[in-house]
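Enquirer: This structure is in structure tokens; I'll ask about it shortly.
The values are calculated or read from the model by the stated rules, or taken from the named source; none is laboratory data. Model, not experiment: these values are computed from the prediction. Glycine also receives a Cβ, built like all others from the backbone with ideal geometry; neighbour counts cover every protein chain displayed.
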Amino acid sequence: MRKKLFAANWKMNLGPKEGVQFCRDFLNLISPDAQREWVIFPPSITLSSIYPILKGSPVKLGGQNCYFEEKGAFTGEISPGMYRECGATYILVGHSERRQIFGESDQICSRKIKLISENGIIPMLCVGETQMERDENQTQDVLKRQLNEGLRFWNPSTPLTIAYEPVWAIGTGKVATPNMAEEAHLEIRKILGQIAGGANRAAEIQILYGGSVKPENSREMMAFPNIDGFLVGGASLVPKTFAQIGQIPL
Ligand code: 13P
């Protein structure tokens, strides 16, 4: 049975000091629960200061981005192995902001996923269509392309998490309806079945929804069978709000 996973993508918010305060407050608001998992994706410079606080707690740590080489002359980049050393067990790949602002292609995502998995870290691949692609009925094609190309070098025996984040719902206050999200998640699971060589393997993979998730809209979505949790941006910056989302009655 898939556990529910609640993930906080802080993006470029909460430096080391604010991150420490957040984690202290957040840990006071949640209790361990066998059916749930939490992960925080802080800015990489915040990782080392919050790791000692989260260590041994139910909250895991992740990187927001990485490079696809282990080391070398790549100024400004961070490798999966370095993240692992700082306590990260997840790394986000292909967030729409990385794709749109930094020009990351599916091919780059595939190389990152390969190295992340080889380092024993769980990649969380972000996929999702733009408003224009949805209007032109291209959602399925976009998901197929992003998954098939992004997972080209993925070994299905290694862990994987997917975040469905329709670009038009990110930071806009426009949230997908639960039916829209469930439909996309079902499609993603079908494609994963083809890539991973069977529906059984696909059934083990958590698929999170992301895009303007708030305590008020998360509850209804959680009731849908293929929505396994959330990747939360803005609402994850306040401990109480993220804790409310992460403790929705199941
Ligand atoms: P918002 O929750 O702020 O819309 O951001 C979603 C997101 O991009 C999470 O990765």
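Enquirer: Of everything in region 2-40 that's part of a helix (DSSP H, G or I) and charged (D, E, K, R), which residue is nearest to S218 (Cα to Cα)?
Expert: First, pick out the residues of region 2-40 that are part of a helix (DSSP H, G or I): 16-29.
Among the residues that remain, those that are also charged (D, E, K, R) are: 17-18, 24-25.
On the way: K17: 29, E18: 25, R24: 24, D25: 22 Å.
For region 2-40, the residue satisfying everything is D25.
Enquirer: Would you be able to tell me the number of residues in region 41-75 that are assigned to a helix (DSSP H, G or I) and either over 22 Å from I245 (Cα atoms) or not β-branched (V, I, T) (or both)?
Expert: The total comes to 9.
Enquirer: So which residues in region 1-60 are within 15 Å of the ligand (Cβ to nearest atom) and of a type in the set (D, E, K, R)?
Expert: First pass over region 1-60, keeping only residues within 15 Å of the ligand (Cβ to nearest atom): 5-14, 38-43.
Within region 1-60, just K11 meets the criteria.
Enquirer: Right, here's the next one. Right, L231: farther than 19 Å from F22 by Cβ and within 13 Å of the ligand (Cβ to nearest atom) or not?
Expert: Values: farther than 19 Å from F22 by Cβ: no; within 13 Å of the ligand (Cβ to nearest atom): yes.
Here the answer is no, as L231 does not meet what is asked.
Enquirer: Consider N155 carefully, then state whether it is part of a loop (DSSP other than H, G, I, E, B) and either in contact (Cβ under 8 Å) with a residue 24 or more places away in the chain or surrounded by 15 or more Cβ atoms within 10 Å (Cβ to Cβ) (or both). Let's see the steps before the verdict.
Expert: Numbers: part of a loop (DSSP other than H, G, I, E, B): yes; either in contact (Cβ under 8 Å) with a residue 24 or more places away in the chain or surrounded by 15 or more Cβ atoms within 10 Å (Cβ to Cβ) (or both): yes.
Considered against the rule, which asks whether it is part of a loop (DSSP other than H, G, I, E, B) and either in contact (Cβ under 8 Å) with a residue 24 or more places away in the chain or surrounded by 15 or more Cβ atoms within 10 Å (Cβ to Cβ) (or both), N155 comes out as yes.
Enquirer: Test K17 against the stated conditions and say whether it is under 20 Å from V213 (Cβ atoms), at pLDDT 95 or above and surrounded by fewer than 21 Cβ atoms within 10 Å (Cβ to Cβ).
Expert: Details: under 20 Å from V213 (Cβ atoms): no; at pLDDT 95 or above: yes; surrounded by fewer than 21 Cβ atoms within 10 Å (Cβ to Cβ): yes.
It is false that K17 is under 20 Å from V213 (Cβ atoms), at pLDDT 95 or above and surrounded by fewer than 21 Cβ atoms within 10 Å (Cβ to Cβ).
Enquirer: From the list Y67, Y90, Y83, exactly one residue is at pLDDT 95 or above, in contact with a strand residue (DSSP E or B) (Cβ under 7 Å, 6 or more places away or on another chain) and more than 16 Å from the ligand (Cβ to nearest atom). Which is it? Don't jump to the end; show me each part of the working.
Expert: Working: Y67 fails: in contact with a strand residue (DSSP E or B) (Cβ under 7 Å, 6 or more places away or on another chain); Y90 fails: more than 16 Å from the ligand (Cβ to nearest atom).
Step by step, each of Y67, Y90, Y83 is checked, and only Y83 is at pLDDT 95 or above, in contact with a strand residue (DSSP E or B) (Cβ under 7 Å, 6 or more places away or on another chain) and more than 16 Å from the ligand (Cβ to nearest atom).
Enquirer: Could you give me the residue pairs with C-beta distances under 6 Å whose first residue belongs to region 158-169 and is within 16 Å of R145 (Cβ to Cβ), whose second residue is among the aromatic types (F, W, Y) wherever it lies, and which are 6+ apart or on separate chains?
Expert: Y164/Y209
Enquirer: Let me ask another. On the basis of being at pLDDT 95 or above, touching a helix residue (DSSP H, G or I) at 6+ places or on another chain (Cβ under 8 Å) and either among the small types (G, A, S) or more than 16 Å from the ligand (Cβ to nearest atom) (or both), does A223 make the cut?
Expert: Working: at pLDDT 95 or above: no; touching a helix residue (DSSP H, G or I) at 6+ places or on another chain (Cβ under 8 Å): yes; either among the small types (G, A, S) or more than 16 Å from the ligand (Cβ to nearest atom) (or both): yes.
For A223, the condition - at pLDDT 95 or above, touching a helix residue (DSSP H, G or I) at 6+ places or on another chain (Cβ under 8 Å) and either among the small types (G, A, S) or more than 16 Å from the ligand (Cβ to nearest atom) (or both) - is not met.
Enquirer: Restricting attention to region 191-218, and to residues there that are surrounded by fewer than 17 Cβ atoms within 10 Å (Cβ to Cβ) and either aromatic (F, W, Y) or closer than 20 Å to M1 by Cβ (or both), which single residue is nearest to the ligand (Cβ to nearest atom)?
Expert: E204
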